[in-house]
Amino acid sequence: MNINLNQLRAFVSVIEKKSFSSSARALGLSQPAITLQIQSLEAQFGTALIERRYKNVGLTEAGKLLYPRAVQILSTLDQTASEIERLAETVSGSLVVGGSTTPGQYLLPKLVGGFKRHYPEVRVRLEISDTDAMLEKLESGMVNVAIIGAPAKGRKIDTTECASDELILIAAPGHRLEGRRGDLSELTGEELIFRERGSGTRRIVEESLSAAGLAVEDLHVNMELGTSEAVVNAVEQDLGVSIVSRWAAEKGLRLGTIKEIELKGLPIRRTFYLATTRRPKTRATEAFLEYMKSKDAAKVLGGVC
């Protein structure tokens, strides 16, 4: 029998995500690749392990026997790798640090740079995606630690508040709202530019608008874009107004290519979270978490994490 860890990880992921497509996204693989891993594993045992259903998957009797043991095997190997790393005097190895789009662009490059100055032997890779996708990567083990724009409700992820941000309304210079100082109802007559669905920024904006009595369905969302920089660029071209991170707007405000619009209910204050899974942590991950509590990190974050 020649079973490999990728087969076991694919098997466990498909069951946890309840679908082949969700597992493929979480592991950063194609769906055919996940299917091939499962088929190879089933061939090793000579029996089906997963029941393919219309909208989800389930375990066969053989699968029910394998699943908890596969989870235990993977957990034991992760724990062993962590303990072996601790034997070394120098913190080394690899570390994947993730971030949702805003902290990934404006906080993590500085934080990773500071961390590398303290731990030059650690190979760091930076992953950036929207909050929902980043949570999937954390749960699947593709990312060791991340800074995200929303709490991880209902997931096996621990979060700690680590930074705060302001979301402000921006428009092109000379826009009709400039200097009006009305309330958020002014947005009902505007062309709006939003971040894509799954973005932590969009989630916070929608929740704040809803709390102010504005249903997103009643607003005219002209464009949905994948990054805050793209949103700011669109606003600079007077394609609409948007609510974005002050960090994302900082350069445009300084150059005068966009203007901050002051309305009642703005700015919206939000929190960023340091997120880790409950799996055993590598020494490099532990070192990064310790660094996040340092004075150097506090200068970037605006306070101790």
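Is at least one residue of segment 36-49 modelled with pLDDT of 90 or more and either under 30 Å from Phe115 (Cβ atoms) or under 22 Å from the mean Cα position of the chain (by Cα) (or both)?
No.
Table: residues versus (1) of a type in the set (A, V, I, L, M, F, W, C); (2) assigned by TED's automatic domain parsing to the domain that holds Ala230.
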| residue | (1), (2) |
| --- | --- |
| Thr131 | no, no |
| Glu139 | no, no |
| Met142 | yes, no |
| Ala146 | yes, no |
| Ile170 | yes, yes |
| Glu186 | no, yes |
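So, in segment 213-223, of the ones that are loosely packed, with under 15 Cβ neighbours inside 10 Å and more than 24 Å from the chain's Cα centre (by Cα), which residue ends up modelled with the highest pLDDT?
His220
Taking the residues in segment 146-170 that are of a type in the set (Gly, Ala, Ser) and farther than 14 Å from Pro103 by Cβ as candidates, determine which candidate is surrounded by the fewest Cβ atoms within 10 Å (Cβ to Cβ). Break it down into steps so the answer makes sense when it comes.
Within segment 146-170, the first condition is being of a type in the set (Gly, Ala, Ser), and the residues that meet it are 146, 149-150, 152, 154, 163-164.
Remaining after also requiring farther than 14 Å from Pro103 by Cβ: 152, 154.
Numbers: Ala152: 20, Gly154: 7.
Out of the qualifying residues, it is Gly154.
Within segment 56-80, restricting attention to residues that are aliphatic (A, V, I, L, M) and surrounded by 15 or more Cβ atoms within 10 Å (Cβ to Cβ), which residue is farthest from Ala24 (Cα to Cα)? So that I can check it myself, show each step before the final result.
Of the residues in segment 56-80, the ones aliphatic (A, V, I, L, M) are 57, 59, 62, 65-66, 70-71, 73-74, 77.
Retained after the next criterion (residues that are surrounded by 15 or more Cβ atoms within 10 Å (Cβ to Cβ)): 57, 59, 62, 66, 70-71, 73-74.
On the way: Val57: 14, Leu59: 18, Ala62: 23, Leu66: 20, Ala70: 18, Val71: 18, Ile73: 21, Leu74: 18 Å.
Of everything passing the filter in segment 56-80, Ala62 is farthest from Ala24 (Cα to Cα).
For segment 204-246, what are the residues that are of a type in the set (S, T, N, Q) and part of a loop (DSSP other than H, G, I, E, B)?
First pass over segment 204-246, keeping only residues of a type in the set (S, T, N, Q): 208, 210, 222, 227-228, 233, 237, 242, 245.
Hits for segment 204-246 are Thr227, Gln237.
Of everything in segment 41-55, what is in a loop (DSSP other than H, G, I, E, B), surrounded by fewer than 14 Cβ atoms within 10 Å (Cβ to Cβ) and of a type outside the set (Phe, Trp, Tyr)? Give them in sequence order. Reasoning before the result, please.
The initial filter retains those residues of segment 41-55 that are in a loop (DSSP other than H, G, I, E, B), namely 46-49, 53-55.
If we keep only those that are surrounded by fewer than 14 Cβ atoms within 10 Å (Cβ to Cβ) as well, we get 46-47, 53-55.
Passing the criteria: Gly46, Thr47, Arg53, Lys55.
To keep it simple, each residue is scored yes or no on (1) over 17 Å from Ile204 (Cα atoms); (2) among the charged types (D, E, K, R).
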| site | (1), (2) |
| --- | --- |
| Val221 | no, no |
| Glu229 | yes, yes |
| Val232 | yes, no |
| Gln237 | yes, no |
| Ser242 | no, no |
| Ala248 | no, no |
| Arg270 | no, yes |
| Glu286 | yes, yes |
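In this structure, does Glu89 turn out to be modelled with pLDDT under 90 and either in a loop (DSSP other than H, G, I, E, B) or surrounded by 14 or more Cβ atoms within 10 Å (Cβ to Cβ) (or both)?
Working: modelled with pLDDT under 90: yes; either in a loop (DSSP other than H, G, I, E, B) or surrounded by 14 or more Cβ atoms within 10 Å (Cβ to Cβ) (or both): yes.
Judged against the criteria, Glu89 is a match.
What's the number of the only condition in (1) modelled with pLDDT under 95; (2) assigned by TED's automatic domain parsing to the domain that holds Glu290; (3) touching a strand residue (DSSP E or B) at 6+ places or on another chain (Cβ under 7 Å); (4) not in a helix (DSSP H, G or I) that Gly104 fails to meet?
Gly104 satisfies every listed condition except (4).
Go through segment 176-196 and count every residue that is closer than 19 Å to Ile268 by Cβ and out of contact with any Lys or Arg (no Cβ under 6 Å at 6 or more places or on another chain).
13
Does at least one position in segment 143-164 carry a residue that is touching a residue at least 40 places away in the same chain (Cβ under 8 Å) and part of a helix (DSSP H, G or I)?
Initially, segment 143-164 is screened for residues touching a residue at least 40 places away in the same chain (Cβ under 8 Å), giving 143-152, 156-164.
Still in the running and part of a helix (DSSP H, G or I): none.
There is no residue in segment 143-164 that is touching a residue at least 40 places away in the same chain (Cβ under 8 Å) and part of a helix (DSSP H, G or I).
Val97 passes all but one of (1) under 17 Å from Arg279 (Cβ atoms); (2) assigned by TED's automatic domain parsing to the domain that holds Phe194; which number fails?
(2)
Yes or no: Pro173 closer than 18 Å to Ser245 by Cβ and surrounded by fewer than 19 Cβ atoms within 10 Å (Cβ to Cβ)? First the steps, then the outcome.
Details: closer than 18 Å to Ser245 by Cβ: no; surrounded by fewer than 19 Cβ atoms within 10 Å (Cβ to Cβ): yes.
For Pro173, the condition - closer than 18 Å to Ser245 by Cβ and surrounded by fewer than 19 Cβ atoms within 10 Å (Cβ to Cβ) - is not met.
Considering only residues that are among the hydroxyl-bearing types (Ser, Thr, Tyr) and in a helix (DSSP H, G or I), look in segment 11-40 and name the one that is surrounded by the fewest Cβ atoms within 10 Å (Cβ to Cβ).
My answer is Ser21.
Can you say whether Gly179 is touching a helix residue (DSSP H, G or I) at 6+ places or on another chain (Cβ under 9 Å), in the same structural domain as Ile258 (by TED's automatic domain parsing) and of a type in the set (Gly, Ala, Ser), as far as the supplied structure shows? Lay out the reasoning, then the answer.
Details: touching a helix residue (DSSP H, G or I) at 6+ places or on another chain (Cβ under 9 Å): no; in the same structural domain as Ile258 (by TED's automatic domain parsing): yes; of a type in the set (Gly, Ala, Ser): yes.
No, not satisfied.
The values are calculated or read from the model by the stated rules, or taken from the named source; none is laboratory data. Computed from a predicted structure; not experimentally measured. Neighbour counts are summed over all protein chains in view; Cβ atoms, including those assigned to glycine, are modelled from backbone coordinates with ideal geometry.
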